[in-house]
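Read through the structure below, which is laid out as structure tokens, and then see the notes.
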Amino acid sequence: MSEEKGVSKPVRIQTEDFSVEEETRLLHGGNGGMGGIVSFLGTARDFSRDRDVSRLEFEEYAGMAEKAMNALRDKAMQQFDIIDMRIVHRIGTIQAGEQIVLIIAGAAHRGVAFDACEWCIDTLKQTVPIWKKEITPTGESWVEEHP
Amino acid sequence: MIRVLLFARLADLAKTREAEFECNEQGICLDELIRQVVARFPALEASLAQPRLLFLAINQEQAWLDEQVNSGDEVAIMPPFSGG
């Protein structure tokens, strides 16, 4: 198992923002065998279901959420022929326009990196105990579907 | 004692994020615990009426309604996830 700490950990849940460039650099890690890197970056929309959204609040089940995200990465690494994957999800208050989640996969060839990235974000939405609340000018509501 | 954790909409409805429930040495079934949670927090009745729509966990591992809960366990009752 990885003993990496802090920002170099490949799976993280954090309140602070992240740098896509830095995560890409860490993923690549000078690996000459990597020929394709695909990333999915989820950002906060300023509208939802025809309403303005000013900000989002994310809540997690501390401990279990990180465990589920680690399991997700392990499964992606087994299921797809990728060299490495990193997953970073923010929690707490996120203003419209800010970054929420980053999934980044590196492989020898691009095809599996695209597949791994798409599978990972779809599965994350169903298996990781994180919840999103939308704050609008007229009130707030929890989101419970997976668009 | 069993520690029950509630999240997101369920925590808002119950106006608390956690509660403790008595439990004897035999433990209780998870569906019976959910009945006790509803009895203490009637605002959760509609949401917990169809527990199959919820995600349940015992000690941070996914659990099912027919599973046994023992004293000292942490039970999480979670609405559908919406991360990402």
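All of the numbers you see were taken from the coordinates with simple rules; none came from a lab. Since the model is a prediction, treat every value here as computed from it, not as a measurement. Don't worry about glycine lacking a Cβ; one is built from the backbone with ideal geometry, like all the others, and counts go over all protein chains shown.
A P(r) calculated from all alpha carbon pairs of region B:2-78, with 10 Å bins opening at zero, reads 20, 61, 19, 0 percent.
In this structure, the amide hydrogen of residue A:53, modeled 1.01 Å from its nitrogen in the peptide plane, lies closer than 5 angstrom to those of A:47, A:48, counting only residues at least 5 positions away or on a different chain. Projecting the Cα positions of A:33, A:10, A:80 onto the charge dipole of region A:10-138 (unit charges on Cβ atoms of Lys, Arg, Asp and Glu, taken about the Cα centre) puts A:80 furthest along the positive direction. Over all pairs of different C-alpha atoms, region A:108-147 has a mean inverse distance whose reciprocal, the Kirkwood radius, equals 12.4 Å. Taking Cα centre as origin and charging only the Cβ of basic (Lys, Arg, +1) and acidic (Asp, Glu, -1) residues, the dipole magnitude of chain B rounds to 420 debye. Loop-located GluC sites (Glu not before Pro) across region A:1-71 with a Cβ neighbour count of 12 or fewer within 10 Å are A:3, A:4, A:16, with loop assigned by DSSP. Put a dot 7 Å past the Cα of residue B:66, heading toward its Cβ, do the same for residue A:99, and the two dots end up 4.6 nm apart. What nm distance separates the two modelled labels at residue A:20 and residue A:51, each placed 7 Å from Cα along Cα→Cβ? According to this spin-label approximation, the distance is 2.9 nm. Give the residue from A:65, A:95, B:65 lying farthest towards the positive end of the charge dipole for the protein assembly as shown; charges sit on Cβ (+1 for Lys and Arg, -1 for Asp and Glu) and the dipole is referred to the Cα centre. Comparing the listed Cα positions along the dipole, A:95 ranks first. Under the combined filter of DSSP loop state and at most 11 neighbouring Cβ atoms within 10 Å, region B:31-84 retains these chymotrypsin sites (Phe, Trp or Tyr not before Pro): B:64. One compactness figure for the protein assembly as shown is 1.12, namely its Cα radius of gyration divided by 2.2 N^0.38 Å. Take each residue of peptide B:70-83, count the partner chain Cβ atoms within 10 Å of its Cβ, and average: the result is 6.
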